[in-house]
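S.K.: Provided herewith is a single structure, encoded as C-alpha cells, for subsequent inquiry.
The values are calculated or read from the model by the stated rules, or taken from the named source; none is laboratory data. The structure displayed is predicted, hence computed values, not measured ones. A quick note on method: Cβ atoms are made from the backbone with ideal geometry, for glycine too, and the neighbour counts reach across all protein chains shown. Side chains are part of the model used for accessible areas, which takes the heavy atoms of the whole protein and leaves out ligands, DNA and RNA. Shrake-Rupley method; radii C 1.70, N 1.55, O 1.52, S 1.80 Å.
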Amino acid sequence: MMINCILLFSQWEEISGLDENYTPIRTYQVCQVMEPNQNNWLRTNWIEKGDAQRIFVELKFTLRDCNSLPGVVGSCKETFNLYYQETDVEVGRNIRESQYVKIDTIAADESFTQGDLGERKMKLNTEVRIIGPLSRRGFYLAFQDVGACIALVSVKVYYKKCWSIIENLATFPDTVTGSEFSSLVEVEGTCVNDAEEEADNSPKMHCSAEGEWLVPIGKCICKAGFHQKGDACEPCGRGFYKSSSQDLQCSRCPAHSYNDREGSWRCDCEDGYYRALSDPPSVACTRPPSAPQNLLYNINHTTVSLEWTPPADTGGRNDVMYRIICRRCTWEPEECFPCGSNVGYLPQQSGLTDTYVTITDLLAHANYTFEVEAVNGVSDLSRTQRLFAAVSIATSQAAPSQVSEVIKERVQQHSIQLSWQEPEQPNGVITEYEIKYYEKDQKNRIYSTVKSKSTSATVNNLKPSTAYIFQIRAFTAAGYGTFGPRVEVTTKEESTGSVSFCSLCRHCGYSKADQEGDEELYFQCECQLSSAHYTHAHQWFKFPGTKTYIDPETYEDPNRAVHQFAKELDASCIKIERVIGAGEFGEVCSGRLKLPGKRDVSVAIKTLKVGYTEKQRRDFLCEASIMGQFDHPNVVHLEGVVTRGKPVMIVIEYMENGSLDAFLRKHDGQFTVIQLVGMLRGIAAGMRYLSDMGYVHRDLAARNILVNSNLVCKVSDFGLSRVIDDDPEAVYTTTGGKIPVRWTAMEAIQYRKFTSASDVWSYGILMWEVMSYGERPYWDMSNQDVIKAIEEGYRLPAPMDCPPGLHQLMLDCWQKDRADRPKFDQIVGILDKMIRNPNTLKTPMGTYFNSFRLVSEWLEAIKMERYVDSFTAAGYSSLESVARMTIEDVMSLGISLVGHQKKIMSSIQTMRAQMLHLHGTGVQV
Ligand code: AMP
C-alpha cells in the first residue's frame with residue numbers, strides 16, 4: 001500500500017529529489033534549526049492493519065549533524081519522535097497531539113556534515129521499530145520534529161507471517177504471527193487428500209513471532225489403500241494393497257490373492273481359496289486340507305482306538321484339526337445312524353489336534369463306521385466335497401459300566417478304607433476291581449493301584465494331612481470297564497503339634513541402588529523388632545568413603561534431625577532488616593548475623609508464620625535439615641536455625657541477586673557467552689556434589705537457583721518430594737503427584753522415576769533458560785502439548801546465538817534413555833573445556849564480524865570481491881552500513897545475478913544477527 005503523508009500545519013515540506021542511485025524519489029523534509037521551540041507534525045494516511053497484531057515500521061531518513069550548521073547552537077536537534085494512533089475508521093485530520101502514543105525517539109546512527117540535502121554524501125539511516133499488540137482496525141503513524149534537519153526518505157510498514165506449508169501430511173494455512181514477541185500461535189493442520197489424522201494425535205504447529213513454524217506435533221497418515229509420496233497420498237497400484245492407515249507401505253497381494261483396482265485396502269482370493277474371518281489381509285488365501293492318511297484301528301471289546309497321519313496337503317494353513325463322525329449300522333438291511341451321545345470320545349470328538357482318538361462305551365456285538373475328517377480355518381467356507389478317511393468295525397462283548405457310588409468307611413493318618421456298589425451294567429461276571437489313586441497336589445501325577453476281589457478295600461502307606469484322589473473300575477471277561485468319578489479323601493493330621501517362635505533378627509547386607517544410571521554398592525542395615533513388627537526406615541550408608549545424604553524423614557523425631565544437621569542460633573545474633581520475598585511458610589527477610597568472635601555477615605532469613613501447625617513446622621525445618629548436610633560453594637549455605645524462640649527461623653547466606661530466572665530476564669542480553677557458561681558450570685558443580693551425596697533434587701530450574709553479587713550461582717530450594725507441590729510450575733499428572741512438567745524427564749513424569757539422571761534432564765532445560773535469558777521453556781505451549789511433543793522426539797531448539805556445542809550438550813541431557821545422558825561430572829568437564837577454549841563457544845556467525853574490518857575483506861571472504869567498487873561508489877564504507885542493506889539496496893548496486901544477490905544477502909543477515917547480539921539489542925531489522 002502507498003503511504004502518503006499529510007502536513008499538519010507545520011514546516012514539513014514534500015520535496016522531489018534523487019536517491020543515491022539518481023532514482024527520483026519523494027521525500028518529506030524539515031530543517032527549522034534556527035528557530036527554537038519547533039513542533040512540526042507529519043502524519044501518514046490511515047493504514048489498515050488487516051490480520052496483523054504486531055507491526056514493523058522501517059524508516060529510512062537522513063539527518064544533518066548540528067555541529068556542521070554554523071550558528072544553530074541550542075535550537076538544533078538531532079532526533080525526531082515517532083508516534084502512532086489506533087482507530088477503527090479514518091478520522092481525517094482531527095487527532096489531537098495528545099492522542100498519539102509515542103513509539104520512540106529516533107536518532108540517526110549517521111548524520112552527515114557537509115553539502116546540502118541534494119548531495120550524495122548524505123548518509124541514509126535505517127531504523128526499525130515494532131508496535132503492537134494492535135487491537136483496532138487501523139492506525140496512523142506520525143512524525144514529530146522538534147528542530148532537526150531531517151529528510152524522511154521512506155517508511156515501510158509490514159508484518160510477519162508463517163507461510164502455508166505441508167508438514168506430516170497436514171496443510172497449515174498462512175498464519176499471521178501473534179501479538180507478543182514470545183507468543184506462539186497454535187495452528188491446527190488439515191489432512192491432505194486421502195489422509196486421516198492419527199488417532200489421538202491431531203496435527204498441530206506453532207507459528208513463532210518471527211514468522212517461522214515451530215514444534216510440529218501430531219500427524220496425518222495415508223488412509224488404507226493409499227501410501228505416502230512426498231507431501232501427498234497416492235493410491236496403491238494394481239496387485240498391491242494397504243490394509244490400514246497405520247501401515248507405511250502398500251504391499252504386494254499375498255499368495256493366491258489378486259486385485260485389479262488401484263487404491264485397494266485388501267486383495268481378493270482366487271477361486272477355491274479363502275480367508276478365515278480371523279485372517280488378516282496380509283496372509284495368503286488358503287483352502288481346506290486333504291483327507292487324513294494311513295487310518296489304523298484297534299478294538300478292545302467295546303472300545304476302539306483310531307490312529308492316522310496328517311493330510312498330504314494342509315491347504316496352506318497350520319490350524320489343521322480333526323473330527324470324528326461315528327455311525328452305527330444295522331446288519332440287514334445295512335442302514336447307518338449317528339452314534340448319539342452315549343458314546344465317549346477321548347480326548348474329544350472334534351477339535352482334535354493329535355492324530356489319535358479312543359472311542360468308548362460302544363455297544364457290544366455292533367457294527368460301526370468311523371470317518372476321520374481333517375478341517376482347517378477355511379473348511380466351513382468351502383463348498384467343495386468333504387475329504388475323509390473311514391473304517392468299518394464290529395465290536396465284541398461289552399465291558400462293565402462305571403463304579404459310581406463310593407463310600408469312605410475309615411479315614412486314618414496313613415490309611416483310608418473305601419467301599420462301593422457293583423456297576424449298574426456288569427455285562428458279565430465281575431472278577432476284580434481296580435482302585436487307582438494319587439496325591440491331589442502332586443504336579444506329575446504318579447498313580448498307584450490296589451486290586452480287590454470284593455466291593456471294599458483299604459489303601460495303606462498314605463501320608464498324613466494329604467488329599468488323595470481315588471477312582472475305581474470293574475473287570476469281566478470282556479475287559480475293564482471305565483473308571484468311575486474321582487473321589488477326594490484327606491488323611492488325618494499328625495497328632496504332635498509344631499512349635500513356632502519368633503526371633504529378634506538383625507539383617508545386614510550389601511544392596512545396589514540406582515544412582516545416575518550407575519549401580520553403586522551400598523551397605524544396608526535393616527532391623528526388625530519382633531514384638532511390634534516395626535521396620536525401622538532403611539538407612540543407606542554409601543560404602544566406603546563419601547558423605548551420603550540422609551533423608552530427614554527417616555528420623556522419628558524431626559527435631560533431632562534438625563539439630564543433627566543445623567546449628568541452633570541465638571535469636572539475639574540476628575538482625576532482621578527488610579522483607580525481600582514471600583516464601584511458602586512465611587516472609588523471607590534480609591538481615592545480618594553476628595556470631596561471637598566472627599565478622600557479621602549478610603543473611604537471608606526465612607520465617608515461619610505465626611499460627612503454624614506441627615506439620616508445617618516440621619516441613620519448614622525439613623529444608624534446613626537437608627541444606628545443613630551440604631557444604632559446597634555452589635549449594636546455598638545454611639548458617640543455622642532458630643527453633644527455640646519465636647518466630648522459628650532458617651538463616652541462609654544472602655544471595656544479593658535473588659533467583660536466577662528473574663535475574664536473567666532483568667539483564668536480557670547483557671552477558672557474554674563465557675559469563676553465562678560460567679554460571680552454568682557453577683550450577684553443574686553444585687549438582688555434581690549433590691548427586692555424589694545421593695541427593696536427587698527433583699525441581700532443578702532457574703527459579704530455584706540463587707545468584708550472589710559475584711554472579712556465583714547456587715542450587716537452592718531443598719525439600720522432600722512434597723515441597724515440589726508448592727512450586728507454581730508443578731501440575732498434577734496422570735501418574736499422581738505434582739510435577740513441573742516442562743523441567744521434568746519423561747520417565748519421571750510417566751512413572752515417577754526420579755534419579756540424578758532425571759536431574760540431568762532438568763539441568764538441560766535450565767541451560768536453555770540461561771542461554772535464552774529466562775525465556776519460558778516451550779513458550780506458551782500447554783503442558784499436555786509439551787508432553788506429547790517430547791514423546792514424539794521434539795526437543796527445544798538452540799536459543800538465539802547459542803553456541804552449537806552448548807545446544808548439543810542440552811540435547812544430550814534430553815536423551816530418552818536416561819543411561820545415555822551425561823553425568824554431572826561429565827557436564828562439569830565439558831563446560832570447563834569450553835571455558836578454557838572460548839573458540840568453541842563462537843556461534844558460526846561469530847566469525848564474520850570478528851575476522852573482518854573492511855568491506856573489501858568481507859567481500860573477498862565470500863568470493864564477491866568483484867563488487868568492491870560498487871560498494872565503495874555507493875558509500876558503503878563500513879560493515880555497519882553494509883549490515884543494514886536490504887535486497888533492494890544490493891540490487892541497486894547493479895548486482896543482477898540472483899545467485900550473487902542471495903549469497904551477499906545471506907552473509908549480510910548473518911552479520912546483522914551477530915551485531916545485534918554484540919550490541920545486546922533485541923530489535924530485529
Ligand atoms: P523460597 O521460599 O526459597 O522460594 O524463597 C522465596 C524468595 O525469597 C525467592 O524467590 C528469593 O527471591 C528470595 N530468597 C530466598 N532465599 C534467598 C537468599 N538466600 N538470598 C536472597 N534471596 C533469597
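S.K.: Taking the range 256-278 as the region of interest, how many residues are open to solvent by 60 Å² or more (accessible area, probe 1.4 Å), touching a residue at least 40 places away in the same chain (Cβ under 8 Å) and within 42 Å of the chain's Cα centre (by Cα)?
M.R.: Summing the residues that are open to solvent by 60 Å² or more (accessible area, probe 1.4 Å), touching a residue at least 40 places away in the same chain (Cβ under 8 Å) and within 42 Å of the chain's Cα centre (by Cα) in the range 256-278 gives 2.
S.K.: I've got another one for you. Quick test of your reading of the structure: Ser877 fulfils all but one of (1) modelled with pLDDT under 85; (2) surrounded by 13 or more Cβ atoms within 10 Å (Cβ to Cβ). Name the failing condition by number.
M.R.: Only one criterion in (1) modelled with pLDDT under 85; (2) surrounded by 13 or more Cβ atoms within 10 Å (Cβ to Cβ) is unmet by Ser877, namely (1).
S.K.: Taking the range 857-870, which residues are open to solvent by less than 40 Å² (accessible area, probe 1.4 Å) and under 51 Å from the mean Cα position of the chain (by Cα)?
M.R.: Trp858, Leu859, Ile862, Met864, Tyr867, listed by residue number.
S.K.: In addition: Among the residues of the range 414-436, are any open to solvent by less than 20 Å² (accessible area, probe 1.4 Å), part of a loop (DSSP other than H, G, I, E, B) and more than 24 Å from Ser305 (Cβ to Cβ)?
M.R.: No, the range 414-436 contains no residue that is open to solvent by less than 20 Å² (accessible area, probe 1.4 Å), part of a loop (DSSP other than H, G, I, E, B) and more than 24 Å from Ser305 (Cβ to Cβ).
S.K.: Follow-up. Tell me yes or no: at least one residue of the range 263-286 is basic (Lys, Arg), at pLDDT below 90 and over 16 Å from Tyr356 (Cα atoms). Walk me through how you get there before you give the answer.
M.R.: Within the range 263-286, the subset basic (Lys, Arg) is 266, 275.
Now restrict to residues that are at pLDDT below 90: none.
Checked the range 263-286: no residue is basic (Lys, Arg), at pLDDT below 90 and over 16 Å from Tyr356 (Cα atoms).
S.K.: Considering each residue of the range 688-702, count those that are open to solvent by 50 Å² or more (accessible area, probe 1.4 Å) and more than 13 Å from Thr548 (Cβ to Cβ), and give that number. Explain how you work it out, then say what you get.
M.R.: Applying the first criterion (open to solvent by 50 Å² or more (accessible area, probe 1.4 Å)) to the range 688-702 yields 688, 692, 698.
Adding the requirement that they be more than 13 Å from Thr548 (Cβ to Cβ) leaves 688, 698.
The number of residues fulfilling the criteria is 2.
S.K.: In the range 215-243, which residues are out of contact with any Asp or Glu (no Cβ under 9 Å at 6 or more places or on another chain) and open to solvent by less than 50 Å² (accessible area, probe 1.4 Å)?
M.R.: Those that are out of contact with any Asp or Glu (no Cβ under 9 Å at 6 or more places or on another chain) and open to solvent by less than 50 Å² (accessible area, probe 1.4 Å): Tyr241, Lys242, Ser243.
S.K.: If Pro281 meets every condition in (1) under 30 Å from Ala232 (Cβ atoms); (2) surrounded by 17 or more Cβ atoms within 10 Å (Cβ to Cβ); (3) touching a His at 6+ places or on another chain (Cβ under 8 Å) apart from one, which number is that one?
M.R.: Going through the list (1) under 30 Å from Ala232 (Cβ atoms); (2) surrounded by 17 or more Cβ atoms within 10 Å (Cβ to Cβ); (3) touching a His at 6+ places or on another chain (Cβ under 8 Å), Pro281 breaks only (3).
S.K.: Still on this structure, I have one more. Show me the helices (runs of 4 or more DSSP H) found entirely inside the range 703-786 where at least 2 residues are at pLDDT 85 or above.
M.R.: 746-751, 756-771
S.K.: Restricting attention to the range 652-675, which residues are part of a loop (DSSP other than H, G, I, E, B), within 16 Å of the ligand (Cβ to nearest atom) and aromatic (Phe, Trp, Tyr)?
M.R.: Tyr654
S.K.: Here's something else I'd like to know. In the list Ser465, Ser452, Ser456, which residue meets the criterion of being open to solvent by less than 70 Å² (accessible area, probe 1.4 Å) and at positive phi?
M.R.: Every option except Ser465 fails the conditions.
S.K.: Do you know which residues across the range 167-189 are surrounded by 15 or more Cβ atoms within 10 Å (Cβ to Cβ) and in a strand (DSSP E or B)?
M.R.: Selection gives Glu167, Ala170, Thr171, Phe172, Thr175, Val176, Val185, Glu186, Val187.
S.K.: On to the next question. Quick one: Leu700 ticks every box in (1) outside any loop (DSSP other than H, G, I, E, B); (2) modelled with pLDDT of 95 or more; (3) touching a Phe, Trp or Tyr at 6+ places or on another chain (Cβ under 9 Å); (4) away from the ligand (no atom under 12 Å from the Cβ) bar one, so which box is it?
M.R.: (1)
S.K.: Output the residues belonging to the range 125-166 that are of a type in the set (Phe, Trp, Tyr) and either more than 19 Å from Met205 (Cβ to Cβ) or buried (at least 16 other Cβ atoms within 10 Å of the Cβ) (or both).
M.R.: Phe139, Tyr140, Phe143, Tyr158, Tyr159
S.K.: Output the residues belonging to the range 864-901 that are in a loop (DSSP other than H, G, I, E, B) and charged (D, E, K, R).
M.R.: Arg884 - this is the single residue of the range 864-901 that is in a loop (DSSP other than H, G, I, E, B) and charged (D, E, K, R).
Residues are listed down the side, and each one gets a yes or a no for (1) within 16 Å of the ligand (Cβ to nearest atom); (2) over 19 Å from Lys646 (Cβ atoms); (3) in contact with a helix residue (DSSP H, G or I) (Cβ under 8 Å, 6 or more places away or on another chain); (4) part of a helix (DSSP H, G or I):
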{"position": "Lys575", "(1), (2), (3), (4)": "yes, no, no, no"}
{"position": "Phe585", "(1), (2), (3), (4)": "yes, no, yes, no"}
{"position": "Tyr612", "(1), (2), (3), (4)": "yes, no, yes, no"}
{"position": "Leu621", "(1), (2), (3), (4)": "yes, no, yes, yes"}
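S.K.: Give the residues of the range 190-208 that are surrounded by fewer than 19 Cβ atoms within 10 Å (Cβ to Cβ) and in contact with a Lys or Arg (Cβ under 7 Å, 6 or more places away or on another chain), sorted by residue number.
M.R.: The answer is Glu196, Glu198, Asn201.
S.K.: Separate question: Going by what's in this entry, would Gly340 be described as surrounded by 14 or more Cβ atoms within 10 Å (Cβ to Cβ), without any contact (Cβ under 8 Å) to a residue 60 or more places away in the chain and more than 60 Å from the chain's Cα centre (by Cα)?
M.R.: Here the answer is no, as Gly340 does not meet what is asked.
Yes/no matrix, rows are residues, columns are (1) free of Cβ contacts under 8 Å to residues at least 40 places away in the same chain; (2) open to solvent by 80 Å² or more (accessible area, probe 1.4 Å):
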position	(1), (2)
Thr554	yes, no
Asp557	yes, no
Arg560	yes, yes
Phe565	no, no
Glu568	no, no
Arg578	yes, yes
Glu584	no, yes
Glu587	yes, yes
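S.K.: I'd like to know if the range 483-503 contains one or more residues that are surrounded by fewer than 16 Cβ atoms within 10 Å (Cβ to Cβ), at pLDDT 90 or above and touching a Pro at 6+ places or on another chain (Cβ under 8 Å).
M.R.: yes
The rows are residues; the columns are (1) of a type outside the set (D, E, K, R); (2) in contact (Cβ under 8 Å) with a residue 24 or more places away in the chain; (3) part of a helix (DSSP H, G or I); (4) more than 13 Å from the ligand (Cβ to nearest atom).
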{"residue": "Arg618", "(1), (2), (3), (4)": "no, yes, yes, yes"}
{"residue": "His632", "(1), (2), (3), (4)": "yes, yes, no, yes"}
{"residue": "Pro647", "(1), (2), (3), (4)": "yes, yes, no, yes"}
{"residue": "Met687", "(1), (2), (3), (4)": "yes, yes, yes, yes"}
{"residue": "Leu690", "(1), (2), (3), (4)": "yes, yes, yes, yes"}
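S.K.: Of the residues Gln293, Gln246, which single one is open to solvent by 50 Å² or more (accessible area, probe 1.4 Å) and in contact with a strand residue (DSSP E or B) (Cβ under 6 Å, 6 or more places away or on another chain)?
M.R.: Gln293
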